[in-house]
Amino acid sequence: MENRTSLFQQKPYLLKYRFFPFSEYLKEHFSCKVHKIPLHAGFTCPNRDGRVAVGGCTYCINESFSPNVKGRSLPIKEQIEKGKAFHKRRCGAEKFIAYFQSFTNTYADVEILRSCYEEALHDTDVVGISIGTRPDCITDDILSLINGYAKKYHVWIEYGLQSIHDKTLDRINRGHNSRIFFDAIQSTKKTCINICVHVILGLPGETREDMMETAEAVASLGVQGIKLHHLYVAKNTALAEEYFQGKVRTLDMNSYIQIAADFLERIPSDVTVQRLVGDTHGNFLISPIWKASKAEITCGITRELERRGTYQGSRFHESAVATNYSSSFPVQNMQGHVAEVSKLHTIDL
Ligand code: SF4
């Protein structure tokens with residue numbers, strides 16, 4: 001108990017939320033309110049254009065989670081200006097992180113990437129950049145470009161992993177395996193770039209044990225951030241077809257809250273949580289329909305951890321950090337195949 005008391009004194013956010021919200025992380029790093037601005041730079045994805053596969057991940061329809069996809073004709077400068085005005089008005093944000101969110105934001109020639117990233121960084125209110133991508137779309141040249149920004153800016157790469165299990169990655173047509181993910185993490189860890197890993201809970205065929213294995217693998221990586229999403233079925237996706245054929249089920253809200261709490265218990269408490277619930281926009285959602293806001297679900301996870309008397313990292317042991325984590329997941333090496341190219345505490349993660 002004494003240990004836990006001193007932990008809560010050192011990390012008061014753990015007592016309040018039972019996890020490490022990104023908003024608290026930003027407060028630790030900046031003296032003013034900072035907010036991310038989602039951007040669509042006009043990139044596509046090798047898992048959709050045929051380079052890796054066509055059709056994309058079975059659950060993917062970018063319009064359902066990136067409403068700004070419709071605004072692709074807007075120059076990045078204008079997207080930044082609109083985002084600044086919105087977040088200044090909404091929450092009093094003063095500085096911003098340019099978040100290249102839609103599709104695969106390292107899937108272009110280095111000079112094209114440089115031009116896009118620097119158009120965003122040119123704005124004097126932009127203090128950081130966060131780049132969402134696939135682990136098979138990163139090269140040393142791209143890492144070097146992004147790492148160059150770390151001298152002056154707060155820099156993140158967000159890698160979509162979703163699951164550590166290759167059988168699941170195959171089933172959802174990710175087009176890469178866990179070996180490629182581990183290689184990307186190892187390369188990125190040689191730089192000053194912060195790493196955030198995206199995971200989906202409730203993927204087809206996965207048991208709770210499978211998801212906890214993903215948690216333990218992610219916990220062992222020494223990354224700085226995670227995003228958790230629940231699997232949802234959106235219209236016009238391959239997953240929707242599977243759903244209507246009865247081959248796929250989604251989690252009910254209480255099950256998701258339990259599993260997300262289980263997951264967080266296994267993640268080190270210094271890994272910031274940038275998202276705890278998937279987000280859909282517009283009229284795309286088929287299932288699950290939970291009738292609860294993101295804030296209420298996030299609050300439910302906090303309450304569940306409180307009920308258990310646990311918190312993020314309470315089941316994490318330093319000894320679990322594997323330097324050779326890849327050996328736990330022997331998979332075929334495919335590196336390079338794309339390398340060429342709350343009402344309890346309302347919280348805004
Ligand atoms: S990698 Fe991302 S953008 Fe590409 S198909 Fe999968 S979810 Fe969609």
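The values are calculated or read from the model by the stated rules, or taken from the named source; none is laboratory data. This is a predicted model, so every value here is computed, not measured. Glycine gets a Cβ as well: all are built from the backbone with ideal geometry, and neighbour counts include every protein chain shown.
Numerical summary
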quantity: Every pair of residues 6+ apart whose Cβ atoms lie under 9 Å, when the first sits in segment 153-176 and is among the basic types (Lys, Arg) while the second is in a strand (DSSP E or B); calculated: ARG174/GLY160; ARG174/LEU161; ARG174/GLN162
quantity: Selection status of ILE112, of a type in the set (Val, Ile, Thr) and within 16 Å of the ligand (Cβ to nearest atom); calculated: no
quantity: From HIS154, HIS230, residue being within 16 Å of the ligand (Cβ to nearest atom) and touching a helix residue (DSSP H, G or I) at 6+ places or on another chain (Cβ under 8 Å); calculated: HIS230
quantity: Matching residues, segment 148-182, being surrounded by fewer than 18 Cβ atoms within 10 Å (Cβ to Cβ) and either at pLDDT below 95 or in contact with a Cys (Cβ under 6 Å, 6 or more places away or on another chain) (or both); calculated: ALA150
quantity: Those residues of segment 9-59 which are farther than 30 Å from GLY175 by Cβ, in contact with a Phe, Trp or Tyr (Cβ under 8 Å, 6 or more places away or on another chain) and of a type in the set (Phe, Trp, Tyr), in sequence order; calculated: TYR13, PHE19, PHE20
quantity: Check on GLN274, over 20 Å from PHE182 (Cβ atoms), out of contact with any Ser or Thr (no Cβ under 6 Å at 6 or more places or on another chain) and surrounded by 21 or more Cβ atoms within 10 Å (Cβ to Cβ); calculated: yes
quantity: Pair list, Cβ < 8 Å and 6+ apart or interchain, from segment 207-223 residues that are of a type outside the set (Val, Ile, Thr) and surrounded by fewer than 21 Cβ atoms within 10 Å (Cβ to Cβ) to residues that are at pLDDT 95 or above and assigned to a loop (DSSP other than H, G, I, E, B); calculated: ASP210/SER163; ASP210/HIS165; MET212/ARG266; GLU213/ILE164; GLU213/HIS165; GLU216/ARG266; GLY222/LYS189
quantity: Filter result for LYS84 (more than 22 Å from ILE193 (Cβ to Cβ) and either modelled with pLDDT of 95 or more or not acidic (Asp, Glu) (or both)); calculated: yes
quantity: Selection within segment 15-66 - touching a Ser or Thr at 6+ places or on another chain (Cβ under 6 Å), among the hydrophobic types (A, V, I, L, M, F, W, C) and more than 16 Å from the ligand (Cβ to nearest atom); calculated: PHE20, PHE22
quantity: Residue within segment 101-111 that is in contact with a helix residue (DSSP H, G or I) (Cβ under 8 Å, 6 or more places away or on another chain) and part of a helix (DSSP H, G or I) present; calculated: yes
